[in-house]
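The values are calculated or read from the model by the stated rules, or taken from the named source; none is laboratory data. Every value quoted in this text rests on a predicted model; they were computed, and no experiment measured them. So basically every Cβ, Gly included, is an ideal-geometry build from the backbone, and we count neighbours across all protein chains shown.
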Amino acid sequence: MGKKGCSKVQNNKLNTYDWLCDVPDAENATDYVEVQFKNTRKGYFLNSTKIPLDKGDVVAVEASPGHDIGTVTLTGRLVLLQMKKNNARTEGVEVKRVYRKAKATDLEKYEEAKAKEHATMIRSRQIAEELGLNMKIGDVEYQGDGNKAIFYYIADERVDFRQLIKVLADTFRVRIEMKQIGARQEAGRIGGIGPCGRELCCSSWMTGFVSVATGAARYQDISMNPQKLAGQCAKLKCCINYEVDAYVEAHKHLPSREVTLETKETTYHHFKTDIFKREITYSTDKVIAANLVTISSTRAFEIINMNKKGVKPETLETDSKPQPTKRDAHDILGQESLTRFDSTSKKKKKKKKVTNDKRVNHEKSPSNVRHKN
C-alpha cells in the first residue's frame, strides 16, 4: 500500500499520480510543493518551515498582496520534474512560500470571497458593455484573502481595458488582474456533454490545446459540414486530431484520388475510398455514381502502371476472381446436433427394455420355478 500522498486522488483533470511515492527518500528530496487553486491555476511554493504536508492538504501561501488558499496536489521528488516540465523558474526570481496549513479563519475568508464571484462576474459584464468594449468576461476568481480578483475574458481583437480596470477597482475595492483565455479554455471551464455522449475532453482531461485544421477532417473523409465539425466552443473539435496520424499513414498506401483509370471501353474516376480496407470505388462519371466498380488498392496500382505503359485492360476487375472457399459448418462449442438427445433417450429406452426382458426370462426359467411337494 502506498502512502497517503500516493494513494489519495484529487477529483480534477490536473491531478498527477505520484509514482515516486514509494521510492526511498523521494518525499524529502525537495522543499517545493505543488499547489492548485480554482480552475486550472497551479503554482510551486517553497515549504521553508518544513511543515509536514500531504497531498490534499489545504494551505495558505504567499501572494501579492496578502495570501491565497490552495490545495496541495504534489510533494516530493516528482515536484522537481513537474517544475522542469512546466518551465517554472526558481533562479533569479523571488520564490513564494507556504505560510501554514489553512486555519478556520482562513477558510471562512476564502468561502466569503468565493461567494462573491458570480455576482462580481455579472456586474463586470454590465460595466464592460457600458464602456462599449468588445469582450466577454467568462469567469472571476477571488484570491483567498479577498484582496485581489482575476477576471478571465475572451476577445477576438485587442482590447484597451485600462478604463475598465479603473472602474472595476472603484466598484469592487480590490486589486484587479485581467487574464485572456481562448474559446477552447472557456468551454473547458464551463463543461458539458459532447455529441459522443461523454463529458467534454477539454473539461475532463485535456490541459493543452493544439490547433485543428480542416485538412485533418478531409484526410478522414468526414463531412465538411461546419455544424458537425464544430464543438461547443464553435471551434473545430479537438477529437478530429486523435486519429489523423493513422489516416495519414494509411493514405500512403493508396493511389491519388486525382488519377483516372483507363480501360478499353471507358474512363473511371474516383468515387469513394474505404481507407482501412484499402478498397477504392470508381465511377464512369465524375459527379454522380454510375457503373460503380470496387477494387483493391493493389489492383488500382497495377492498372495505373499499365496505363503508364499505354496498356488498357478489358475491365477493372481481375480476370480470375478468387473462388470463395467452402467452409464446413462447425459448432464452435464442439457439440453435436440437437437431435442427439433423442437418439440417446431411444438407446436408453431400448437398453432398459432388453434388460427387463432378460430379467423376466430369467424368472421364468425352470431352475427358478418352485415345485410343490
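Some values worked out for this structure:
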read-out: Some residue of segment 189-197 being in contact with a strand residue (DSSP E or B) (Cβ under 9 Å, 6 or more places away or on another chain) and assigned to a helix (DSSP H, G or I); value: yes
read-out: Every residue from segment 126-160 that is assigned to a strand (DSSP E or B) and of a type in the set (D, E, K, R); value: K136, D139, E141, K148
read-out: Residues satisfying the stated conditions in segment 161-183, i.e. out of contact with any strand residue (DSSP E or B) (no Cβ under 8 Å at 6 or more places or on another chain), without any contact (Cβ under 8 Å) to a residue 12 or more places away in the chain and at negative phi; value: R162, K166, D170
read-out: Among the candidates I165, I150, residue that is outside the structural domain of G66 (by TED's automatic domain parsing) and either within 33 Å of the chain's Cα centre (by Cα) or loosely packed, with under 12 Cβ neighbours inside 10 Å (or both); value: I150
read-out: Matching entry among T49, T40 (being assigned to a loop (DSSP other than H, G, I, E, B), farther than 29 Å from Q180 by Cβ and not acidic (D, E)); value: T49
read-out: Boolean, M83 is crowded, with 16+ Cβ neighbours inside 10 Å, part of a helix (DSSP H, G or I), in the same structural domain as S48 (by TED's automatic domain parsing) and not β-branched (V, I, T); value: yes
read-out: Breaking point among (1) without any contact (Cβ under 8 Å) to a residue 12 or more places away in the chain; (2) assigned by TED's automatic domain parsing to the domain that holds E130; (3) among the small types (G, A, S), for A155; value: (1)
read-out: Selection count, segment 46-70, where residues are farther than 22 Å from K114 by Cα and touching a strand residue (DSSP E or B) at 6+ places or on another chain (Cβ under 8 Å); value: 8
read-out: Residues that are under 19 Å from G191 (Cα atoms) and at pLDDT 90 or above, drawn from segment 215-234; value: L229, A230, G231
read-out: Among the residues listed as D160, D145, the single one being among the acidic types (D, E), in contact with a His (Cβ under 8 Å, 6 or more places away or on another chain) and within 24 Å of R123 (Cβ to Cβ); value: D145
read-out: Selection from segment 184-210 of residues that are in contact (Cβ under 8 Å) with a residue 40 or more places away in the chain, surrounded by fewer than 17 Cβ atoms within 10 Å (Cβ to Cβ) and in contact with a Cys (Cβ under 8 Å, 6 or more places away or on another chain); value: C196, M206
read-out: Pick from segment 34-85, criterion within 31 Å of the chain's Cα centre (by Cα) and of a type in the set (S, T, Y), ranking: nearest to A102 (Cα to Cα); value: T71
read-out: Pick from segment 86-101, criterion over 34 Å from the mean Cα position of the chain (by Cα) and either polar (S, T, N, Q) or closer than 17 Å to K42 by Cβ (or both), ranking: surrounded by the fewest Cβ atoms within 10 Å (Cβ to Cβ); value: V93
read-out: Counted residues, segment 229-284 - those being under 30 Å from G194 (Cβ atoms) and among the basic types (K, R); value: 4
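Each row is one residue, and each column tells you yes or no for (1) in contact (Cβ under 8 Å) with a residue 60 or more places away in the chain; (2) of a type in the set (F, W, Y); (3) touching a Cys at 6+ places or on another chain (Cβ under 8 Å).
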position: N47; (1), (2), (3): no, no, no
position: D68; (1), (2), (3): yes, no, no
position: T71; (1), (2), (3): yes, no, no
position: G76; (1), (2), (3): yes, no, yes
position: L80; (1), (2), (3): no, no, no
position: V93; (1), (2), (3): no, no, no
position: D106; (1), (2), (3): no, no, no
position: A113; (1), (2), (3): no, no, no
position: L133; (1), (2), (3): no, no, no
